[in-house]
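Below: the structure, in structure tokens.
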Amino acid sequence: MAREIFTEGVVLRRWYAGEHDKWISLLTPAHGKLRLRVRGARKPQSKMGMLTEPLNLLKARVIEGRAQKLIAQPQLNRGYLALRTDLERLSVALALCETLDRWLPDEQAEPEAYATLVIALEALEAGAPAEPTAAWALWRWLAMLGYCPDLRRCAQCGKELGDEGVCFLPTESVLLCPRCARQREGIELTADALSLLRQWTQGERLNPDACPASCRSLIRAALRYAECALESPVRWLEFWERLNALRESG
Ligand SMILES: [Zn+2]
């Protein structure tokens with residue numbers, strides 16, 4: 001990175017440092033994920049503090065200091081105000097940011113991962129349902145990071161998949177046909193879920209009207225897979241399942 005750059009980026013996460021400052025993790029299109037110090041962010045009425053909260057899409061200067069990088073003159077590009085008024089969309093948007101923060105290494109350009117996040121946030125802002133948006137983004141990211149099982153054939157007998165449901169074994173990163181899946185512990189995916197997974201990992205666009213049940217199983221599959229492949233814990237899966245149970249019980 002040059003000594004000073006001007007970039008846009010989405011704030012993925014923030015944490016506090018000392019009495020007056022905080023740190024943020026900012027995902028940028030060309031410089032990847034940057035850890036930046038925000039000077040004076042915790043002082044009361046700090047504009048810097050308000051602008052550098054998670055989910056905000058900023059334009060800002062990033063200055064390379066001796067031991068750390070600093071953010072300066074942030075300007076708010078998108079605040080995603082509509083999605084912040086809906087508990088489910090807000091939770092999912094924050095969870096997506098936190099997940100990406102955990103999955104991506106520091107300072108490696110991942111322009112597609114950035115574009116996927118922005119598309120997901122824009123979709124949620126425009127009122128897209130949470131399940132397809134989250135399932136789409138999570139599987140796009142996994143595929144970009146090089147994690148995707150073979151979606152064409154059963155890993156055990158070689159049978160072509162697609163006419164019926166499959167069983168996904170996240171620990172082994174494989175799909176099995178129903179016959180081979182007997183007595184194996186995995187995540188059941190319907191033929192519809194498998195078809196969505198094929199489309200998304202090949203780069204197809206988010207389809208907000210995708211079946212919510214298929215999307216829920218794909219979210220569960222993505223997060224369990226990440227737990228095995230990326231050793232990334234799935235704290236928000238539990239929250240999501242509680243939220244769903246609450247909604248289903250009326
Ligand atoms: Zn088989």
> Considering only the stretch 165-206, how many residues are among the acidic types (Asp, Glu), more than 20 Å from the chain's Cα centre (by Cα) and either under 16 Å from Ala143 (Cβ atoms) or not in a loop (DSSP other than H, G, I, E, B) (or both)?
Replying inline: 2
> What single numbered condition from (1) modelled with pLDDT under 95; (2) over 22 Å from the mean Cα position of the chain (by Cα); (3) surrounded by 14 or more Cβ atoms within 10 Å (Cβ to Cβ) fails to hold for Ala130?
Replying inline: (2)
> Say we look at the stretch 157-206 and pick out the residues that are of a type in the set (Val, Ile, Thr) and within 13 Å of the ligand (Cβ to nearest atom); which of these is farthest from Ser217 (Cα to Cα)?
Replying inline: Val174
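Here is a list: Glu227, Glu160, Glu204. Which entry is exposed (fewer than 15 other Cβ atoms within 10 Å of the Cβ), modelled with pLDDT under 95 and among the charged types (D, E, K, R)?
Selected residue: Glu204, the only one of Glu227, Glu160, Glu204 that is exposed (fewer than 15 other Cβ atoms within 10 Å of the Cβ), modelled with pLDDT under 95 and among the charged types (D, E, K, R).
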> Do any residues in the stretch 109-128 that are closer than 18 Å to Leu83 by Cα have Cβ atoms under 9 Å from those of residues that are of a type in the set (Phe, Trp, Tyr) and buried (at least 22 other Cβ atoms within 10 Å of the Cβ), where the two are at least six apart or on different chains, and which pairs are they?
Replying inline: Thr116/Trp136; Thr116/Trp141; Leu117/Trp141; Ile119/Trp136; Ala120/Trp136; Ala123/Trp136
>> I need the full set of residues from the stretch 155-164 which are in a loop (DSSP other than H, G, I, E, B) and on the phi < 0 side of the Ramachandran plot, in order please.
In response: Ala155, Gln156, Cys157, Lys159, Leu161, Asp163, Glu164
>> Tell me whether the stretch 41-63 contains one or more residues that are surrounded by 17 or more Cβ atoms within 10 Å (Cβ to Cβ), among the charged types (D, E, K, R) and in a strand (DSSP E or B).
In response: no
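Each row is one residue, and each column tells you yes or no for (1) polar (S, T, N, Q); (2) more than 16 Å from Pro208 (Cβ to Cβ).
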position	(1), (2)
Gly79	no, yes
Leu83	no, no
Thr99	yes, yes
Leu117	no, yes
Glu125	no, no
Ala128	no, no
Pro132	no, no
Lys159	no, yes
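So that you can scan it fast, the table gives a plain yes or no per residue for (1) modelled with pLDDT under 95; (2) surrounded by fewer than 15 Cβ atoms within 10 Å (Cβ to Cβ); (3) polar (S, T, N, Q); (4) out of contact with any Pro (no Cβ under 6 Å at 6 or more places or on another chain):
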| site | (1), (2), (3), (4) |
| --- | --- |
| Asp86 | yes, no, no, yes |
| Arg89 | yes, no, no, yes |
| Leu100 | yes, no, no, yes |
| Ala115 | no, yes, no, yes |
| Trp136 | no, no, no, yes |
>> Quick check on the stretch 17-34. Is at least one of its residues touching a Phe, Trp or Tyr at 6+ places or on another chain (Cβ under 6 Å) and without any contact (Cβ under 8 Å) to a residue 24 or more places away in the chain?
In response: yes
> Since Leu151 meets every condition but one in (1) more than 16 Å from the ligand (Cβ to nearest atom); (2) in contact with a Ser or Thr (Cβ under 8 Å, 6 or more places away or on another chain), which condition does it not meet?
Replying inline: (1)
>> Going residue by residue through the stretch 146-154, is there one that turns out to be modelled with pLDDT of 95 or more and part of a helix (DSSP H, G or I)?
In response: no
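The values are calculated or read from the model by the stated rules, or taken from the named source; none is laboratory data. Not measured: the values here are computed from a predicted model. Reconstructed Cβ throughout: ideal geometry from the backbone, glycine too, with neighbour counts over all protein chains shown.
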